[in-house]
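Enquirer: Below you will find the structure I want to go over with you.
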Amino acid sequence: MSLLKCEKIENEKSVYTLEFSVDKATFDKAVSNAYRKQVGKISVPGFRKGKAPRSVIEKMYGKGFFYEDAINEVLPDAFDEALKESALDMVGNPEFDIVSIDDNGVVMSAKVAVKPEVKIKGYKGIKADKKVEEVTDEEIAKEIETIRERNSREIEVTDGESQMGDVCTIDYEGFVDGVAFEGGKGSDYPLKLGSGNFIPGFEEQVAGHKAEEPFDVNVTFPEEYHAKELAGKAAVFKTVIHKITHIELPALDDDFAKDVSEFDTMDEYRADVKAKIAKRHESEADRQFEDAILDKLIEKLDADIPEQMFVAETENFVRDYDSRLRMQGLDLKTYFQYTGLTLETLREQMRPQAEKQVKLRLALEKIAELEKIEVTDEDIDGEIKRIAEAYNMEADKVREMVPTDSIAADMKVKKAMDLVKEKAIVK
């Protein structure tokens, strides 16, 4: 097996053609192996099944009858050897073709995409805006109200009318032009009045009624309602409340502050809530600042990136998404049934982010090279420990699953990113 040719393909970005050969003896052995594996399945007149000589089978079905299996046997090793000899840094999956099969053996070719040459300048001192939003009184009030609702208590109303804010357990059935419609009926449904879960006007009309008192709710479906046959139509819902639960909220006083926090007064508690919101705003501003820096870094990248890199990264995104769905008890097939999407549309959605990821990785790898960034054994040990703790695994198991070279490469990229962020300038 030997490399015959390694040439860059014109008009294609970072794509090469490798031509390599497999000698006659090696290929003949592979053909013999293919014959032995298949002969038991082949029936030839005049011979018991599995006993027909190879020459007879080739005469009947053609000399190349066993070539496909033979090529599949020799191709992996032959290609690996040729790729190693070429010293190309392959990305994505190669495309193979047969050049010739004759008395000298077989010659094959592979179309190989490689990691492109990368140039990048001006990655230090990138300028980007950083805007930290002010904390508003509305935000503080909303945050405290959420905690207040979590600490509410439920009181069943046995002799009184329902009010907005109550939870009413209701039966209902909807009619349009006097005819019940599909999906318009429910039993023992817990509806919080004011939640906006039902169509406009419904919840307001449930308010003001007592338990076990039948009443009608008259509403009109919105013009943009998802069920086209109901959009814009007037409907009557025969309704009855079985249970009214009043939600009693605690008073916003010092006792409330003591119950829900480590503080003794509402003023201290509000100040703490404000500080936490401010910290969230700061984190969000940092994230947006980082995104802006990395977007500008990508703009400084100069590289002929082959299509195969984008395709491969998009497939990585799809596989990762499928894994996350499976952790939730779903899979892509079920997800497509629910959403109406297809694999192709999912790929289209993920392609822009995949392209960004490929470009960012290439940029950071080049920066790591230019800056001569190194990773120590201690760095690698620390990263393995972090991964082990994150996935609740033994460190030795992580070492078995993830090559240390890959960990080192990822850490160089991370250090390069830290350098870019450290040298960035806030406008």
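Enquirer: Please arrange I305, I380 by counting, for each residue, the other beta carbons lying within 10 Å of its beta carbon, fewest first.
Expert: Working: I305 19, I380 16.
Ordered by Cβ neighbours within 10 Å, fewest first: I380, I305.
Enquirer: May I ask for the angle, rounded to the nearest 10°, between helix 266-299 and the longest principal axis of the chain, with both axes built from Cα atoms and the value confined to 0 to 90°?
Expert: Tilt of helix 266-299: around 30 degrees.
Enquirer: Another question about this same structure. Would you mind giving the average projected area, over all directions, of the Cα convex hull of the stretch 293-427 in nm² with one decimal?
Expert: Working: hull surface 44.0 nm².
That works out to 11.0 nm².
Enquirer: How many angstrom separate the Cα center of the stretch 328-343 from the Cα center of the stretch 125-202?
Expert: Each part's Cα centre sits 29 Å from the other's.
Enquirer: Which residue, chosen from F289, S323, A275, occupies the Cα position most advanced towards the positive end of the dipole of the stretch 258-361, where the dipole is computed from +1 (Lys, Arg) and -1 (Asp, Glu) charges on Cβ about the Cα centre?
Expert: S323
Enquirer: Could you tell me how many degrees, from 0 to 90 and to the nearest 10, lie between the Cα long axis of helix 404-423 and the main elongation axis, the longest principal axis, of the Cα atoms of the chain?
Expert: It is inclined by approximately 50 degrees.
Enquirer: Right, another one. Can you tell me the relative contact order of the chain? Whole percent, Cα pairs under 8 Å, sequence separation 6 or more. Please list the in-between numbers first.
Expert: Working: 601 pairs, mean separation 72.0, N = 427.
Relative contact order comes out at 17 percent.
Enquirer: With the Cα gyration tensor of the stretch 2-114 in hand, give its eigenvalues times 5 under a square root as the equivalent ellipsoid semi-axes, listed largest first in whole angstrom.
Expert: Working: eigenvalues 238, 29, 26 Å².
After scaling each eigenvalue by five and taking roots: 34, 12, 12 Å.
Enquirer: If contacts are Cα pairs under 8 angstrom and at least 6 residues apart, what is the relative contact order of the stretch 2-114 in percent?
Expert: Numbers: 164 pairs, mean separation 41.3, N = 113.
RCO, the stretch 2-114: 37 percent.
Enquirer: First select every other residue whose beta carbon is under 14 angstrom from the beta carbon of A278; then total the charges, Lys and Arg +1, Asp and Glu -1. Write out the running numbers ahead of the final one.
Expert: Working: positive: K131, R270, K274, K276, K279, R280; negative: E133, E134, D137, E139, E143, D272, E282, E284, D286.
Surrounding charge for A278 is -3.
Enquirer: Same structure again: Per-residue HN-Hα couplings for the stretch 45-58, Karplus 6.51 cos²θ - 1.76 cosθ + 1.60 at θ = phi - 60°, whole Hz, x for Gly and Pro?
Expert: x, x, 10, 5, 4, x, 10, 5, x, 4, 4, 5, 5, 5
Enquirer: Relative to the longest principal axis of the C-alpha atoms of the chain, give the angle of the C-alpha long axis of helix 137-150, reported between 0 and 90° and rounded to the nearest 10°.
Expert: Compared with the principal axis, the helix lies near 90 degrees.
Enquirer: If you don't mind, there's one more thing I want to ask. Please check: in the Gaussian network model of the chain (C-alpha springs, under 10 Å), which one of D177, D331, D381 has the largest mean-square fluctuation.
Expert: Maximum among the listed residues: D177.
Enquirer: With a 10 Å cut-off between alpha carbons and a GNM built on the chain, which of A52, A354, A278 moves the most?
Expert: A52
Enquirer: May I ask you to derive the relative contact order of the stretch 266-426, considering only C-alpha pairs under 8 Å and at least 6 residues apart, and to give it as an integer percent? Please report the intermediate quantities before stating the final value.
Expert: Values: 75 pairs, mean separation 38.8, N = 161.
Computed value for the stretch 266-426: 24 percent relative contact order.
Enquirer: I'd like the Karplus ³J(HN,Hα) series for the stretch 362-370: coefficients 6.51, -1.76, 1.60, θ = phi - 60°, whole numbers in Hz, and an x wherever there's a Gly or Pro.
Expert: 4, 4, 6, 4, 5, 4, 4, 5, 5
Enquirer: Right, here's the next one. Viscosity 1.567 mPa s, temperature 4 °C: what is the translational diffusion coefficient of the chain from Stokes-Einstein with a Kirkwood Rh over Cα pairs, rounded to a whole number of µm²/s?
Expert: On the way: Rh = 29.9 Å.
The calculation lands on 43 µm²/s.
Enquirer: For a quick check: with amide H placed at 1.01 Å from N, whose amide H comes under 5 Å from V91's, ignoring anything fewer than 5 positions away on the same chain?
Expert: Here A113, V114, K115 satisfy the definition.
Enquirer: Going highest first, how would you order 336-348, 138-150 by mean Cβ packing within 10 Å? Working shown, then result.
Expert: Details: 336-348: 11.6, 138-150: 13.3.
By packing density, highest mean first, the sequence is 138-150, 336-348.
Enquirer: Taking springs between alpha-carbon atoms closer than 10 angstrom, which of Q38, Q353, Q308 fluctuates most in the Gaussian network model of the chain?
Expert: Q38
Enquirer: So what is log10(I(q)/I(0)) for the stretch 92-195 at q = 0.17, 0.18 1/Å, when the Debye sum runs over its Cα atoms only?
Expert: -1.09, -1.12
Enquirer: Within a 10 angstrom radius of the beta carbon, how do I247, I367 rank from fewest other beta carbons to most? Please list the in-between numbers first.
Expert: Working: I247 14, I367 22.
Ordered from fewest to most neighbouring Cβ atoms within 10 Å, I247, I367 come out as I247, I367.
Every number here is computed from the coordinates shown, using simple stated rules; none is lab data. All figures in this text were calculated on a predicted structure; none of them were measured in a lab. Using ideal geometry, Cβ is built from the backbone for each residue, glycine included, and neighbour counts are taken over all protein chains shown.
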